[in-house]
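Asks: Sharing a structure, written as structure tokens. Questions coming.
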Amino acid sequence: GAVVSQHPSRVICKSGTSVKIECRSLDFQATTMFWYRQFPKQSLMLMATSNEGSKATYEQGVEKDKFLINHASLTLSTLTVTSAHPEDSSFYICSATPSGILYEQYFGPGTRLTVT
Amino acid sequence: SQQGEEDPQALSIQEGENATMNCSYKTSINNLQWYRQNSGRGLVHLILIRSNEREKHSGRLRVTLDTSKKSSSLLITASRAADTASYFCATFSGGYQKVTFGTGTKLQVIP
């Protein structure tokens, strides 16, 4: 149980285009989902917290107009990287917390974004 | 911001040896968790230790937590080549469920 999927696993896009990444909790409902970014050989940095039915909360330094987050249902959150640039190339990982349970997060397998 | 610092940053050992990784953090926590990440892959949850626990075991893994020193250690006994990966500690704090990851230790187990 407690499986989180991400789609796509890898994506290559051209500079200036937008890319959408999906994060799904497959066997549980998740009121809260989190988006992380990881640069090569570095740790995970929390980008934003996504709450179902409300606006996402962004960490300091993360551009909310560039990284659009939508959490329209209890099993799906999406991250859209708008007008992507090469410096946005990174590994994006989502996690989800089962509704009503604190301090447990289940991580997706990640999405490798390459902007050319 | 990353509040967890891990050491060593890299560790290379022979198969069969034990590997110890340490994690220090700065603020009060609810629990601390250890994760493994193979190169370019997602995170695999290894073990969770709550703030009122001092030691926990899971198979070949042993985790300790010293809240007075704000530190934790992960011991992998009888290491295997398949244990080669990066290991991260993550602290859960506050009612907001915010997770902060450590800088990670890259472990290489040589067959």
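The values are calculated or read from the model by the stated rules, or taken from the named source; none is laboratory data. Not measured: the values here are computed from a predicted model. Neighbour counts run over all protein chains shown; Cβ positions are idealised from the backbone, glycine included.
Asks: Kindly indicate which of B:N38, B:N30, B:N52 is polar (S, T, N, Q), surrounded by fewer than 15 Cβ atoms within 10 Å (Cβ to Cβ) and under 19 Å from A:E104 (Cα atoms).
Replies: Values: B:N38 fails: under 19 Å from A:E104 (Cα atoms); B:N30 fails: surrounded by fewer than 15 Cβ atoms within 10 Å (Cβ to Cβ).
Result of the check over B:N38, B:N30, B:N52: B:N52.
Asks: Here's a check for you: in region A:1-25, which residue that is aliphatic (A, V, I, L, M) and closer than 13 Å to A:F107 by Cβ is farthest from the other protein chains (Cβ to nearest Cβ)?
Replies: The extreme case among them is A:V3.
Asks: Restricted to region A:1-34, and to residues that are under 9 Å from A:A96 (Cα atoms) and either among the basic types (K, R) or within 11 Å of the chain's Cα centre (by Cα) (or both), which residue is surrounded by the most Cβ atoms within 10 Å (Cβ to Cβ)?
Replies: Among them, the one singled out is A:M33.
Asks: Of everything in region A:29-46, what is farther than 21 Å from B:E5 by Cβ and either part of a strand (DSSP E or B) or at the interface with another protein chain (Cβ under 9 Å from one of its Cβ atoms) (or both)? Give them in sequence order.
Replies: Correct list: A:A30, A:T31, A:T32, A:M33, A:F34, A:W35.
Asks: Go through region B:23-44 and give me each residue that's of a type in the set (A, V, I, L, M, F, W, C) and under 30 Å from A:P8 (Cβ atoms).
Replies: B:W34, B:L43, B:V44
Asks: What single numbered condition from (1) modelled with pLDDT under 95; (2) within 22 Å of A:R37 (Cβ to Cβ); (3) of a type in the set (A, V, I, L, M, F, W, C) fails to hold for B:I29?
Replies: (2)
Asks: Say we look at region A:55-69 and pick out the residues that are touching a residue at least 12 places away in the same chain (Cβ under 8 Å) and of a type outside the set (K, R); which of these is surrounded by the most Cβ atoms within 10 Å (Cβ to Cβ)? Write out each step before concluding.
Replies: Here is the first cut: in region A:55-69, the residues touching a residue at least 12 places away in the same chain (Cβ under 8 Å) are A:56, A:59, A:62, A:64-69.
Within this subset, residues satisfying the condition of being of a type outside the set (K, R) are A:56, A:59, A:62, A:65, A:67-69.
Values: A:A56: 21, A:E59: 15, A:V62: 17, A:D65: 8, A:F67: 20, A:L68: 16, A:I69: 25.
Among them, the one singled out is A:I69.
Asks: Taking the conditions exactly as written (under 21 Å from B:A90 (Cα atoms) and at pLDDT below 95), does A:F39 satisfy them or not?
Replies: For A:F39, the condition - under 21 Å from B:A90 (Cα atoms) and at pLDDT below 95 - is met.
Asks: Considering region A:45-59 alone, what residues qualify as being over 10 Å from the mean Cα position of the chain (by Cα) and under 18 Å from A:E87 (Cβ atoms)?
Replies: A:M45, A:Y58, A:E59
Asks: So which residues in region B:15-73 are touching a strand residue (DSSP E or B) at 6+ places or on another chain (Cβ under 8 Å), within 14 Å of another protein chain (Cβ to nearest Cβ), part of a loop (DSSP other than H, G, I, E, B) and not hydrophobic (A, V, I, L, M, F, W, C)?
Replies: Across region B:15-73, the qualifying residues are B:Y25, B:S28, B:N30, B:N38, B:S39, B:G40, B:G42, B:S51, B:E53.
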